[in-house]
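What follows is a set of notes on a single structure, which appears directly below.
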Amino acid sequence: MSKPTVAIVGRPNVGKSTLFNRILGGRPAIVSDRPGTTRDRHFGDAEWQGRRFWVVDTGGLVPESDDAMDRAIRQQVEFALAESDVVVFLVDGKEGVHPVDQAIGERLRRAQGSVVLAVNKLDDLERSTAHLDFYELGFGEPLGVSAAIGKGSGDLLDAVVERLPPYDPAESEDTIGVAVVGRPNVGKSSLVNRLLGEERHVVAPEAGTTRDAVDSLLRYRGKNLNFIDTAGLRRKAKVQDDLEFYSTLRTERAVERAEVCVLVVDATLGLHNQDLRIATEAWDRGCGLVIAVNKWDLVEEKEANTAYRGQEELVAKAPFLRHVPFLYVSALTGQRARKVLDLILEVAEARERRIPTAEVNRVLASLLERSGPPQKPGEEVKLLYASQIDTAPPTFAIVSNRPDDVPESYQRYLANGFREVWPFSGSPLRLKFTSRGARR
């Protein structure tokens, strides 16, 4: 990451996600009074005093615990520390210095990084002296804050920004947002881990381990890819726990801000109606789409046309899938997994492709010559000319004397004809019919 990075670390339930949300000015992380809610690292883009930086929200750190999930969270915190320029060590001012705080402090001192000690939950900050007890941790002056109501957060950010290394925003490059979506337990985190080449996300065999949408950055073939590994989507009727509800909502928001969606499907179970709903939602929002059929190594008695027949059955249910690349992979063995990265770049490029107006009209004329628009009694329907008016996704305006009388079947004919010349692989393609002189 070219921008500086700030990691928030501390033991469970001291308010790390609340502070994370306060810094970002919104509520992008799940906040709950249930310890252990934040399991993975959660990235957010923040700005203070003209400085932009990444903020990393981490799971609660329990240094000596042998619990499997605690061990996994420790690993995530280790990654966050390795990637961070500044660490905000958050403690609970109401409970005082805790033995786990002292253990975390020892770990941070060994890391020899820049640490800002923040004492949270001091709602009566002006009169409180509770933060003074934390001098014994050895990180200089403790800064009192109340993340819940915002007190002291400005002073804390001032201290953070003072410690940030120099940053030249001109060095930043455009990033392709990639939302990794799918039903629970299909291997989304495992696939992202395989692509990143490290255990960046907590992976466990039970469904629902990933609760929040978690960003991970990867540079590949000169491009920055921002992976959003999202909580598995269930039908809303099955979402009873409030935590799962917000996770589902977060996943939908992840699709909204992504340029490309990778829909992960379990090869042993096939593509269900829920998968089709996710794919359709991403497509309708103009997002690029790649379908990764995971666990392909577990499919027994594969024949030469097994994959092709499966795709054709899906295309019959949702014709737009004919324009979406399918890839049969195994996150466990790594089979064809790296090809996912190539397809993401291919789809992102197709989504941004712009066609010269002269070429658009040449292709339109050829399609009209092959088959003109159906005619109703009365004035003849004419298509006069066309041009591409937008990208991401590619959008074409076609000027007609009677734009409302162009039937959907002929609109599909034109769209398919355009795709014969410019495939726009994995990208939606939109046509807008307008009259001469109308505003686009």
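Below is a table of values for the structure above.
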{"item": "Answer residue from the stretch 168-193, given it is open to solvent by 20 Å² or more (accessible area, probe 1.4 Å) and either touching a helix residue (DSSP H, G or I) at 6+ places or on another chain (Cβ under 6 Å) or in a loop (DSSP other than H, G, I, E, B) (or both) and is modelled with the lowest pLDDT among those", "result": "Ser172"}
{"item": "Subset of the stretch 37-58 [outside any strand (DSSP E or B), modelled with pLDDT of 75 or more and open to solvent by 10 Å² or more (accessible area, probe 1.4 Å)]", "result": "Gln49, Gly50"}
{"item": "Test result for Leu276, more than 19 Å from Ser425 (Cβ to Cβ), hydrophobic (A, V, I, L, M, F, W, C), modelled with pLDDT under 75 and in a helix (DSSP H, G or I)", "result": "no"}
{"item": "Qualifying residue in the stretch 112-126 (condition: among the hydroxyl-bearing types (Ser, Thr, Tyr) and out of contact with any strand residue (DSSP E or B) (no Cβ under 8 Å at 6 or more places or on another chain))", "result": "no"}
{"item": "Matching entry among Gly426, Gly437 (being at pLDDT 95 or above and part of a loop (DSSP other than H, G, I, E, B))", "result": "Gly426"}
{"item": "1 or more residues open to solvent by 20 Å² or more (accessible area, probe 1.4 Å) and at pLDDT below 95: qualifying helices (runs of 4 or more DSSP H) within the stretch 298-417", "result": "306-317"}
{"item": "The stretch 331-372 - residue that is under 19 Å from the mean Cα position of the chain (by Cα) and β-branched (Val, Ile, Thr) and, of those, nearest to Ala292 (Cα to Cα)", "result": "Val340"}
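The values are calculated or read from the model by the stated rules, or taken from the named source; none is laboratory data. Keep in mind the model is a prediction, meaning the values are calculated, not measured. Cβ coordinates were reconstructed from backbone atoms using ideal geometry, including for glycine residues, and neighbour counts include every protein chain displayed. Surface accessibility is based on the protein's heavy atoms, side chains included, excluding ligands, DNA and RNA. Shrake-Rupley method; radii C 1.70, N 1.55, O 1.52, S 1.80 Å.
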